[in-house]
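Undergrad: The structure follows.
FYI, it's all coordinate maths here, none of it is from the lab. As the structure is a prediction and not an experimental result, all values here were calculated from the model. For neighbour counting, all protein chains shown are included, and Cβ atoms are generated from backbone atoms with ideal geometry for every residue, glycine included.
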Amino acid sequence: MTEELNFLYRGETLPFRALNRKGELRWIASNDSGSLSAMTRFAPPSKPFPKLLLKSMSLVDFRLPETLNQSISINISKEFLSKISERLKIPIANIGIYVGEPNEYQKLVITDISGKSKTVMKVAVGTKADKSITRELSGGETAKKHPYWKDKTPKITSTENILGHTAILVEKIEGQQLSPKEFKKKYISNYAISDAGEISIQEWLNSNYDLNKPQLQELLERCENVNALSLNSSQNFIHGDFAPWNTIQSSKVMFIDLEYSHAYAPVIIDLAYAVWCYETLLKKHICHFAPEMIEKLVALGALWEEIRKDG
């Protein structure tokens, strides 16, 4: 467990249960029957075997001996749990925590495992997570002002710090995450790329970002080798993290997690990131575009993945 999570264990504590993924803490929930099983339905693994394993484990009560089910005992700060309970207006036993990736942008995502609460809380953990949360709050404000996006994004509001950690409240969207196949059909296969766009990727990047950072040089070279930066695009509000796991089908399609959104940017950035996710993270191939265009989009998506971090 990282030092950044130490605040979760200080002072008087209450016994909870937790589950690791790839050797790192991922999900936390109370000792109540079925609570950890309910929590692991939030942000489940995308790959088939881990997903099947987690689903199989959900058939049993995660309070069974640790040697049988890979869950662990964990003691969580009573003060922290009480503040969450008060803020989300739910019993402590209903608190579920998704710990997130252990990096400098790490955030806790806290939900009601009973599903009754209409609000989710995000709490900054990593050294740069404050910046991430501020960007998400700002993105929500920007989306509300846009005619197309205002009804497709959750309401995001600031709230008081939790034990000194920045926090926001995000409206919970009821529905089902689009599968990779559904997302591909709706947002990639139907996308028509035009050369008549009003701005080139190179022009936009030069105007908005410092491209001299060492970590960008190899990615920029890859883009230049396939002429990705010469792509033209129309401009509009972009989601910035346009991936299947950030899209929910409810009565309409809703887009969550607005941390990387921009009010006025090349719309092809969203397509490039979606294609990069498919080709690189999900190890799937998209045949809708010509191979040379796929190369351009994947290269641009990889560059965006790195360049957006410091926004």
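Undergrad: For the chain, with the dipole built from +1 on Lys and Arg beta-carbon atoms and -1 on Asp and Glu ones, taken about the Cα centre, which of P244, I133, I201 lies farthest toward the positive end?
TA: P244
Undergrad: Can you give me the long-range amide H partners of K155? Hydrogens built in the peptide plane at 1.01 Å from N, cutoff under 5 Å, separation of 5 or more residues or another chain.
TA: When sequence neighbours closer than 5 places are left aside, the close amide H contacts are E171.
Undergrad: Hey, another quick one. DSSP H helices in the chain with Cα extent of 18 Å or more along the helix axis and mean Kyte-Doolittle hydropathy at least 1.0?
TA: none
Undergrad: Further, regarding this structure: Using only alpha carbon pairs under 8 Å that are at least six residues apart, calculate the relative contact order of the chain and give it in whole percent.
TA: Worked out over the chain, it gives 14 percent.
Undergrad: Also, quick follow-up: What is the packing order of peptides 212-221, 198-207, taking the mean over residues of other C-beta atoms within 10 Å and listing the highest first?
TA: By packing density, highest mean first, the sequence is 198-207, 212-221.
Undergrad: In whole Hz, with x marking every Gly and Pro, tabulate ³J(HN,Hα) for the range 158-172 from phi via Karplus 6.51 cos²θ - 1.76 cosθ + 1.60, θ = phi - 60°.
TA: In residue order, the calculated couplings are 7, 8, 4, 4, 10, 6, x, 10, 4, 9, 9, 10, 10, 4, 7 Hz.
Undergrad: At what distance in nm do the modelled label points of L281 and E12 sit from each other, each positioned 7 Å from its Cα along Cα→Cβ?
TA: 4.1 nm
Undergrad: Rounded, prolate or oblate, given the Cα gyration tensor of the range 73-150, with a/c below 1.5 counting as rounded?
TA: Oblate.
Undergrad: A further question follows. Given N residues in the range 214-283, what is its alpha carbon radius of gyration divided by 2.2 N^0.38 Å?
TA: 1.25
Undergrad: Per DSSP H run of n ≥ 4, the term is -39500 (n - 2.57); total these for the chain, divide by its residue number, and report the mean residue ellipticity at 222 nm rounded to 500 deg cm²/dmol.
TA: Computed ellipticity for the chain at 222 nm equals -8500 deg cm²/dmol.
Undergrad: I'd like the per residue volume of the convex hull spanned by the Cα atoms of the chain, given in cubic angstrom.
TA: Taking only Cα atoms, the chain has a hull volume of 141 Å³ per residue.
Undergrad: Just in the range 247-311: which trypsin sites (Lys or Arg not before Pro) are loop by DSSP and have at most 15 other Cβ atoms within 10 Å?
TA: Hits after loop and neighbour filter: K252, K283, K284.
Undergrad: Let me ask you something else. Taking 2.2 N^0.38 Å as the expected size of a compact globular protein, what ratio does the Cα radius of gyration of the range 253-311 give against it, to two decimals?
TA: 1.15
Undergrad: Lysine pairs, Cα distance under 25 Å, 8 or more residues apart or cross-chain: how many in the range 174-306?
TA: Going through the range 174-306 pair by pair, I get 19.
Undergrad: To continue, here is another question. Just the Cα atoms of the range 177-310: what Rg and Dmax do they give in Å?
TA: Cα only, the range 177-310: 14.2, 45 Å (Rg, Dmax).
Undergrad: Would you mind getting me the FRET efficiency between S73 and H288? Use the beta-carbon distance for r and R0 = 45 Å, nearest 0.05.
TA: 0.40
Undergrad: While we're looking at this one, here's another question. Quick one: Debye curve from the alpha-carbon atoms of the range 167-221 only, equal weights, vacuum; give me log10 I(q)/I(0) at q = 0.12, 0.16, 0.19 Å⁻¹ to two decimals.
TA: Evaluating at q = 0.12, 0.16, 0.19 Å⁻¹ gives log10 I(q)/I(0) of -0.67, -0.93, -0.91.
Undergrad: Let me ask something else about it. Using modelled amide H (1.01 Å from N, peptide plane; none on Pro or chain starts), what sits under 5 Å from the amide H of Y105, excluding residues fewer than 5 places away?
TA: When sequence neighbours closer than 5 places are left aside, the close amide H contacts are K128.
Undergrad: Still on this model: Please work out how much length the chain gains when fully extended from A192 to S250, using 0.36 nm per residue of separation minus the C-alpha to C-alpha distance, in nm with one decimal.
TA: 18.3 nm
Undergrad: Rounded to whole Å, give me the distance from the Cα center of the range 194-247 to that of the range 257-308.
TA: 9 Å
Undergrad: Still on this structure, I have one more. Which lysines have a Cα less than 20 Å from the Cα of K83, not counting those fewer than 8 places away in the same chain?
TA: K107, K116, K118, K122, K172
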